[in-house]
Amino acid sequence: MVDVNAGTALVTGANRGIGRAIVEALLDRGARKVYATARRAGTLADFATDARVVALQLDITDPGGVTAAVAAAGDVTLLVNNGGSLEFADLLTGDLAAIHADMTTNYLGTLAVTRAFVPVLRDNGGGAIVNMLSLVALGAVRGMGGYSASKAAAASMTQAVRAQVTDLGITVHGVFPGAVDTDMIRAFPIPKTSPRDVAQAILDGVEAGEEDIFPDAMARDGHRAWRVDPKALERQMASI
């Protein structure tokens, strides 16, 4: 089990949405220090009122930026890979550059940060990695096929990394949210869960040792459907 309150966390994509909510939830729970990262450091300015927050500029697709983050945050015990990209591109007719962007950020960027910080976690006595995935990793949505594929790749990567670090005192958690009320899908007229509630559920899941976390009602319903009949969930998600 991981005590998320006692360690030092780094959260990517912390300037808005779920990432911001996770930083706030960690602070509410008494976190010692939180490195809040974003592509533009200026978007983190309002965290300056809490001395426990260290704002870092980090583009997870930039190798130099990832190296700099490791050098600045050598005391991390909880890595939250939340930074991501959502391009609404279907796989057959969508902009190939947009599909490439989702895969580069959501899969390769997340992997790059993970690879860089595993030695940090190991040297600090162990810890946890949290990868923000999506319910669409289990059932693709046609209109965002590139995003769905990138999250499915990240889900497979999460499993592979988990197997590799099991003897290092590091736990790896995949988070599969459904519809969350963030800027990415705010225009969609569907029921959504607040980022705050999702963040609390994620941290509760990490502390409970859950490897796969379904932090909202839509995610839990989708997971139950997938366990009973994966093809039914596939058809349901494809109809969106």
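I'd like to compare 63-69, 73-79, 215-221: which one has the highest average count of other Cβ atoms within 10 Å, and what's the full order after that?
Numbers: 63-69: 15.6, 73-79: 21.0, 215-221: 18.6.
Per-residue mean Cβ counts within 10 Å order the peptides as 73-79, 215-221, 63-69.
Helices in the chain that qualify as membrane-span-like (whole DSSP H runs, Cα extent of at least 15 Å along the helix axis, mean Kyte-Doolittle hydropathy of -0.5 or higher) are 17-28, 110-123, 145-165, 195-207.
Going through the stretch 87-156, which chymotrypsin sites (Phe, Trp or Tyr not before Pro) have at most 16 other Cβ atoms within 10 Å and a DSSP loop state?
Working: sites: Phe88, Tyr107, Phe117, Tyr147; in loops: Phe88.
The qualifying sites are Phe88.
The dipole here belongs to the chain: it is taken about the Cα centre, uses +1 on the Cβ of Lys and Arg and -1 on the Cβ of Asp and Glu, and is about 120 debye. The charge dipole of the stretch 102-240, taken about its Cα centre with unit charges on the Cβ atoms of Lys, Arg (+1), Asp and Glu (-1) only, comes to about 400 debye.
In this simple spin-label approximation, Arg40 and Ala217 carry label points 7 Å from Cα along the Cα→Cβ vector, and these lie 3.5 nm apart. The tail of the calculated P(r) for the stretch 1-135, taken as Cα-Cα distances beyond 27 Å, holds 18 percent of the pairs.
Comparing Asn124, Asn81, Asn106 in a Gaussian network model of the chain (Cα springs below 10 Å), the most mobile by mean-square fluctuation is Asn124.
Amide H contacts of Val130: Leu79, Val80, Asn81, His173, each under 5 Å away and 5 or more positions distant or on a separate chain (H built 1.01 Å from N in the peptide plane; Pro and chain starts excluded).
The label point for Phe88 and the one for Asp75, both projected 7 Å from the Cα toward the Cβ, are 4.4 nm apart.
Structural descriptor for the chain: relative contact order 20 percent, calculated from alpha carbon pairs under 8 angstrom and at least 6 residues apart.
Bear in mind these aren't lab numbers, they're just calculated from the coordinates by the rules spelled out. A quick note: this is a predicted structure, and the numbers were derived from the prediction, not measured. Every residue, glycine among them, receives a Cβ derived from its backbone with ideal geometry; neighbour counts consider all protein chains shown.
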